[in-house]
Every structure is written in structure tokens, then in C-alpha cells.
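The values are calculated or read from the model by the stated rules, or taken from the named source; none is laboratory data. Small disclaimer: the values here were computed from a predicted structure and weren't measured. Because the Cβ atoms are built from the backbone with ideal geometry, glycine has one as well, and the counts that use them run over all protein chains shown.
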Amino acid sequence: MGLEQVRRDWTRLGSAEPLWAVCVDPAKRHGGWDDDEFLASGRADVDPTVARLAELGLRGVRRVLDFGCGAGRLSNALAAHFDEVVGVDISAPMLAEARRLDRSGGRISFVLNERPDLSLFGDDSFDLVYTDLVLQHLPPDLAEGYVREFARVVRPGGAMVLGVPESERRTFKGMVFRYAPWPLVALAQRVLLRYPAPMRMHTLPAERITELVPHGRIAASDEYWGGDHWRHLRHYVVLGDPR
Ligand SMILES: C[S@@+](CC[C@H](N)C(=O)[O-])C[C@H]1O[C@@H](n2cnc3c(N)ncnc32)[C@H](O)[C@@H]1O
């Protein structure tokens with residue numbers, strides 16, 4: 001499955017149920033998310049993460065990339081801390097929802113990117129890249145390509161915050177995602193769970209991130225709750241100078 005299929009699936013998810021597709025909770029299907037509650041969930045993730053970045057010594061952050069911004073849950077929270085946030089997504093209807101929910105007073109710009117890279121941004125053009133609940137939904141080769149791109153667009157001395165599943169837990173669902181063929185999982189999501197489009201789940205272990213970003217150092221990896229079936233880590237990667 002390539003990027004075009006990812007784009008189609010997330011366009012369908014964004015058209016049908018954008019807020020539920022961002023934060024999948026069976027109790028929130030069919031318009032169950034309240035906008036304020038949805039945005040508050042973004043602040044609950046971002047505020048402690050920004051405090052952790054300060055603790056790790058990151059200073060001078062002005063411009064931030066929110067990769068896979070969806071409906072702007074994290075972009076809004078980031079804009080409360082930083083001057084300029086660029087939210088990038090592959091799904092046009094998700095971006096429409098993000099524009100509807102924009103409470104930043106003009107500090108966020110939302111950009112559609114349908115490419116497997118970030119060539120619309122120059123080298124060293126951000127102080128921080130933030131991504132959560134995104135890379136896991138991509139085929140691993142695509143996810144890895146974006147991580148390399150994050151390292152290119154972040155300036156030396158800047159950082160990346162990567163929220164990713166480190167490994168599956170040994171639950172029934174965790175093991176299904178690990179061992180069952182993807183077409184079977186996709187079919188079950190469509191037919192049994194009635195998802196508007198399937199959602200992949202892949203892990204991205206810390207040691208792979210280290211290989212992908214040779215001029216980066218994982219300064220901290222904090223566990224956080226990302227459902228019962230995966231062990232999620234939020235990695236704080238500080239960039240050195242690649243040259
Ligand atoms: C589960 S949502 C998470 C949204 C947001 N990060 C949050 O936590 O609120 C995943 C988002 O990633 C986007 N996405 C998937 N593949 C992408 C890609 N290749 N480039 C940019 N965005 C992508 C989807 O369209 C969707 O909006």
C-alpha cells in the first residue's frame with residue numbers, strides 16, 4: 001500500500017468522522033466529541049511535553065511543524081506556547097476541520113502535503129517538529145522517510161518530539177495487529193467495526209529512530225497512554241549539526 005491509498009483512506013476518515021478518527025474512542029462515534037473537550041485533550045498532551053522540552057534544555061523555539069495535524073488538536077495547543085505553528089496533513093477534509101477549530105488568532109497555517117517528503121520546506125526551517133498518532137498509521141518505509149525529513153527541516157540544536165508505539169502489548173488485539181495479514185485486519189475494521197476506512201497500526205522502535213537520525217540524540221523517552229494494546233513512547237530527539 002502506497003501513499004495514494006493512505007491519502008484516500010484519511011480523506012474518507014476526515015470526511016466521515018474527523019474527530020473520532022483522530023482520537024478513536026468507541027463512545028465518541030457519530031459526532032460524540034465536543035469541540036472544547038477535543039481541544040482540551042490536545043492541551044493535556046502538549047502542555048506537559050513543552051514543559052519536558054524546557055527541562056531538557058531546549059530554548060529559542062519559535063516555529064513549529066505539527067506533522068499529521070488532523071483537526072488541529074495539537075496545533076492549537078502548540079500555538080499557545082510558540083509564535084508560529086505549521087500544521088501539515090495529507091487529508092483535505094481534516095484540514096477543513098482544523099481551520100474550523102482554529103482558535104490561535106492567526107498563529108497557525110494549515111498546509112496540504114500529498115508528497116512522501118517535506119520538500120515544500122527548506123533545510124533548518126523549524127525549531128521543533130511535533131508528531132503524535134501519525135507515523136503508526138503509515139507503512140513503515142513511508143514513516144521512516146518522514147522521520148529523515150524531520151531531521152532535515154529542523155535546525156541544529158532544535159528538536160523533534162515523536163509519539164509512536166514502541167511495541168505491541170500481548171493482548172489479543174495487539175497480537176492480531178502484529179501477526180495477522182493486513183488485508184484481513186482491514187476487512188475486519190470495515191465489516192465488523194464499520195470504520196469509514198481502515199487504520200493501520202505499526203510500531204517504530206527507538207533503536208530504528210536512532211539509525212534514521214544519525215545526527216540526533218534521544219534525550220528522553222517517556223511512556224504515555226495510547227490505548228491498551230500498544231506501549232507508546234514519546235521520544236525527545238535533539239538534533240546536532242549534520243554537516
Ligand atoms: C490519528 S490522526 C492524529 C492527528 C493529530 N496528530 C492529533 O493527534 O490530534 C492522524 C492524522 O495523520 C494524517 N496523516 C496520515 N498520513 C499522513 C501523511 N503521509 N502526511 C501527513 N499527514 C498524514 C491523517 O490525515 C490524520 O489527520
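Please determine, by comparing only the residues of the range 57-71 that are in contact with a His (Cβ under 9 Å, 6 or more places away or on another chain) and within 16 Å of the ligand (Cβ to nearest atom), which one is nearest to Glu97 (Cα to Cα). Selected residue: Gly68.
What number of residues in the range 44-56 are buried (at least 16 other Cβ atoms within 10 Å of the Cβ) and either away from the ligand (no atom under 14 Å from the Cβ) or closer than 19 Å to Gly105 by Cβ (or both)? Outline the logic, then answer.
Looking only at the range 44-56, we keep the residues that are buried (at least 16 other Cβ atoms within 10 Å of the Cβ), and these are 45-46, 49-50, 52-53.
Pick out the ones that are also either away from the ligand (no atom under 14 Å from the Cβ) or closer than 19 Å to Gly105 by Cβ (or both) and you get 46, 50, 52-53.
Residues in the range 44-56 being buried (at least 16 other Cβ atoms within 10 Å of the Cβ) and either away from the ligand (no atom under 14 Å from the Cβ) or closer than 19 Å to Gly105 by Cβ (or both): 4 in total.
Scan the range 75-89 and report the pairs whose first residue is more than 13 Å from Asp102 (Cβ to Cβ) and whose second residue is acidic (Asp, Glu) and in a helix (DSSP H, G or I), with Cβ atoms within less than 9 Å and a gap of 6+ or a chain change. From the range 75-89, the pairs are His81/Asp47.
For every residue, the table says whether it meets (1) touching a residue at least 40 places away in the same chain (Cβ under 8 Å); (2) in contact with a Leu (Cβ under 9 Å, 6 or more places away or on another chain); (3) within 11 Å of the ligand (Cβ to nearest atom).
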{"position": "Glu4", "(1), (2), (3)": "no, no, yes"}
{"position": "Arg8", "(1), (2), (3)": "yes, no, yes"}
{"position": "Arg12", "(1), (2), (3)": "yes, no, yes"}
{"position": "Ala16", "(1), (2), (3)": "yes, no, no"}
{"position": "Cys23", "(1), (2), (3)": "yes, yes, yes"}
{"position": "Arg29", "(1), (2), (3)": "no, no, no"}
{"position": "Glu37", "(1), (2), (3)": "no, no, no"}
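The set of residues from the range 188-243 being at pLDDT below 90, surrounded by fewer than 16 Cβ atoms within 10 Å (Cβ to Cβ) and of a type in the set (A, V, I, L, M, F, W, C) comprises Ala188, Val191, Leu192, Leu193, Trp225. In the set (1) under 26 Å from Met201 (Cα atoms); (2) among the β-branched types (Val, Ile, Thr); (3) more than 8 Å from the ligand (Cβ to nearest atom), the condition left unmet by Val88 is number (3). Scanning the range 98-128 for residues that are within 25 Å of Trp20 (Cα to Cα), more than 9 Å from the ligand (Cβ to nearest atom) and of a type in the set (Asp, Glu) yields a single hit, Asp102.
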